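Before any comments, here is the structure.
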Amino acid sequence: MATVTQASLPSSYRPLPPPGTRPVPTPSFVTTDEETLPKIIKFLDLNNSSTKEIHIKTISEMVQEKWASFKAQSSGKKLKSIGKVVVGIPLAVVVGIPLAAGALAAGLVALVLIGVATPITKSVNAYKMWKLKEKVEAQKLEILRSALKLKMNGQGGHALYAQFNECQESLQKVTEPDYLKEIDLRGNSKKLGRRPELTPAQKDLIKKFISDVGEIVSDLQQGLDTGKIRKKIDRILGSAVYQKLKNTENPAVEFLQILCMKYIGGKPPVDEQGETPDLFANYGHELIGEQSKDSFDLGELSDLIKGQIHGDWRKGQLSAYTALQRNGKISTAIWAVHHPLDTWHAFKATREQPLAFNSHRGNADVYGYDFVLPENFFPGTRQKKTLRFYYGPGPTGDRLFQEGYLVGMAKDKLLGINKPRLFETRVNFQSRHHKPHEFIRGCEMVRMQKAWEVDEADTQKPSPLRLMALAFDTPLMKDPPLLEDGTISINDFLPNLKSHYLDGYRQMQANEEEDNGVFISHNSLTTQQVENALETGNTIFRTLYQDNPYAKELMSKKNGNKRLGRAIVLGHHGVLGVARIFKALKDAPQATVDRYFDERLNADLDADLAVCRASGACKQDIDRGPVENIIERIFFKLATSEEGTITQKELYSIIGAVARAYMVEGRLIQWKRGEILCDLLKLIGSEDNAKKIGTALKEFAKTSF
């Protein structure tokens with residue numbers, strides 16, 4: 001074994017052994033390098049503070065002593081532990097078991113309370129919701145029934161349903177039906193060659209088609225549930241006969257297309273007071289009760305929305321019980337237990353069949369309100385125009401939208417009248433930033449691509465669909481750059497935000513990781529209009545940020561700077577949304593019927609067939625959709641009026657729209673989405689700030705359209 005000598009030790013720790021003593025043997029595991037040795041000396045307590053002399057004792061002996069001391073201490077601890085166990089066992093019996101029983105009982109009581117309180121809460125609110133759904137159903141049936149009164153081909157004297165025999169006879173008289181010659185018994189397309197007459201099989205298919213359409217007429221007359229009627233229309237639109245006839249002026253075909261145009265966003269007739277019923281305004285009124293004020297600033301609106309999302313049973317608002325929430329894994333699991341059918345329906349959307357999820361199930365399209373453009377708003381434009389807005393889920397996988405509604409709007413002739421081309425402007429808020437292999441969520445990219453295909457499908461003539469996509473749950477929205485904490489200033493944040501939205505917005509990227517979540521078709525906005533809209537958003541929030549009390553309040557909270565960034569992102573979505581509405585109204589034909597339709601037809605022409613429409617939706621239009629649509633609605637109001645507040649009726653309508661999630665899925669709007677809306681409204685807050693936004697939007701409209 002090597003020994004430690006004065007010469008072998010570092011000079012700064014050289015030992016000074018007494019004369020005549022033997023060198024100290026050192027174990028082989030002890031190192032003597034300059035860094036390690038001082039630590040060993042300190043650990044073994046060998047260091048003499050003044051002279052750093054090492055006592056004459058082997059290091060191995062010192063290690064053994066330390067180890068023996070450690071074992072002695074450990075033994076003492078073990079004895080104490082054993083004593084604790086001996087004492088603890090009877091103590092656990094005396095005290096622990098009752099405590100465990102009490103905890104178990106408390107857990108059972110909690111489960112009972114949740115199990116009982118939730119149905120009670122749901123039952124209290126279910127009555128209001130049942131009444132609303134009943135009103136939606138009655139209104140939808142009334143709208144669809146109005147199609148029976150229309151006259152085809154501009155001819156009077158016969159109601160539509162009386163013409164089906166004529167329709168069947170005219171179809172069967174066709175001898176060289178280019179659009180029918182490829183129909184076989186299975187309803188599939190197959191080249192059969194040119195035939196002088198229809199085969200018996202083809203005639204049977206036509207008879208069935210006419211019979212099915214006649215059944216729809218009968219269902220409407222008898223007042224059958226409109227959801228069941230929708231399913232029947234969907235099936236007929238998928239038939240081979242309809243697919244071959246859909247671009248013709250056949251009465252039965254046009255009747256189906258009119259039904260689709262009425263089902264999707266059809267406007268109800270005016271009530272006894274001469275006003276169009278607003279079902280969501282009535283529902284919002286029921287939720288928050290009569291309000292004493294006639295106008296509200298946006299800060300007050302934010303507080304009322306927050307109350308509805310979180311719930312307050314003392315005010316008769318929707319409850320915040322976990323079975324009504326879906327904000328996290330635990331609350332989602334509890335919600336799923338209380339809503340097994342909805343949960344099972346959600347699982348139909350898989351990677352293999354992403355469009356199998358039917359977002360229209362229990363989610364009818366409902367007329368909402370009109371975007372009304374005042375006279376002389378745009379330079380050189382004196383007409384007052386109207387664009388109808390309706391609530392409803394996304395269009396993907398929906399035959400009524402793609403095969404009926406859009407085809408009907410795209411026709412140059414409807415009811416035998418030469419009319420201006422109609423269109424719909426739609427913005428979709430589904431996310432495209434999930435990897436394809438993610439279960440359920442990975443389907444959203446496929447749905448968004450499908451919506452794009454609908455927009456791009458008609459290459460022969462201008463598409464009746466103007467599509468914009470502003471994905472909501474993007475990395476930017478989830479984790480925006482931190483503002484004013486040393487990371488990025490508002491003056492840097494806003495230009496970078498503009499650049500982000502301008503990056504590749506004309507194309508949907510095949511790789512969702514490279515896609516910024518933005519798509520704006522050429523017919524929705526021009527390049528200059530997109531740039532001007534984003535610059536307007538920069539101007540609005542640069543001004544709004546200065547000395548803003550709510551911005552300062554957010555910055556003092558945990559994650560407050562991220563919340564502020566999300567609110568600003570949502571605000572830019574609002575500006576882009578208002579811009580596409582401006583463009584649509586600029587391009588829309590005159591809204592009043594008598595300006596471009598013959599006066600003699602006014603009594604027979606239906607307004608549903610003479611307007612352009614707007615909609616904004618996510619998958620179901622219950623979380624992301626209402627958040628975005630409410631901001632778009634408010635910004636449009638600020639841009640087209642001199643007011644900085646909203647009316648009482650507008651307040652009720654917005655509150656009712658927030659509760660769409662409860663109507664569709666029996667839950668509250670997700671707070672992680674609703675919080676962004678409330679923060680933005682609170683950031684605007686006062687009437688003066690709202691008027692500043694209105695001024696900026698008016699200037700944008702004046703210079704860009």
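Readers should treat all values here as calculations from the given coordinates under stated rules, not as data from a laboratory. The structure displayed is predicted, hence computed values, not measured ones. Methodologically, a virtual Cβ is constructed for each residue, glycine included, from the backbone with ideal geometry; neighbour enumeration extends over all protein chains shown.
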Most packed first (mean Cβ within 10 Å per residue), the peptides 236-246, 199-209 order as 236-246, 199-209
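Given the peptides 294-303, 488-497, arrange them by the average over their residues of other C-beta atoms within 10 Å, most packed first.
294-303, 488-497
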Taking segment 477-559, the equivalent ellipsoid from its C-alpha gyration tensor has semi-axes in Å, biggest first, of 28, 17, 9
At q = 0.14, 0.28 1/Å the base-10 log of I(q)/I(0) from the Debye formula over the alpha-carbon atoms of segment 204-274 is -0.47, -1.43
Taking a crude spin-label model, label points 7 Å out from Cα along the C-beta direction, the SER489 to ARG145 distance in nm is 6.6 nm
Checked segment 599-705 against the a/c 1.5 cut and the a/b vs b/c comparison, axes a ≥ b ≥ c from its Cα gyration tensor; verdict oblate
Note to self: C-alpha centroids of segment 669-705 and segment 128-147 sit apart, in Å, by 33 Å
By the mean-Cβ-within-10 Å protection proxy, highest first, 464-474, 247-257, 537-547 rank as 464-474, 247-257, 537-547
Computed from the beta carbon distance with a Förster radius of 35 Å, FRET efficiency for THR199 and LYS232 to the nearest 0.05 stands at 0.85
Over 32 Å (Cα to Cα) among LYS228/LYS385; LYS128/LYS562; LYS498/LYS552; LYS411/LYS692 -> LYS228/LYS385; LYS128/LYS562; LYS411/LYS692
Under the 7 Å Cα-to-Cβ spin-label approximation, ASN496 and LYS131 lie apart by a distance in nanometres of 5.1 nm
One finds, for LYS698 and GLU215 with R0 = 60 angstrom and r their Cβ-Cβ distance, a FRET efficiency to the nearest 0.05 of 0.70
Of the listed pairs LYS133/LYS207; LYS135/LYS293; LYS267/LYS649, those with alpha carbons more than 24 Å apart are LYS133/LYS207; LYS135/LYS293
In nm, the gap between the two label points placed 7 Å beyond Cα toward Cβ at GLN273 and ALA346 is 3.8 nm
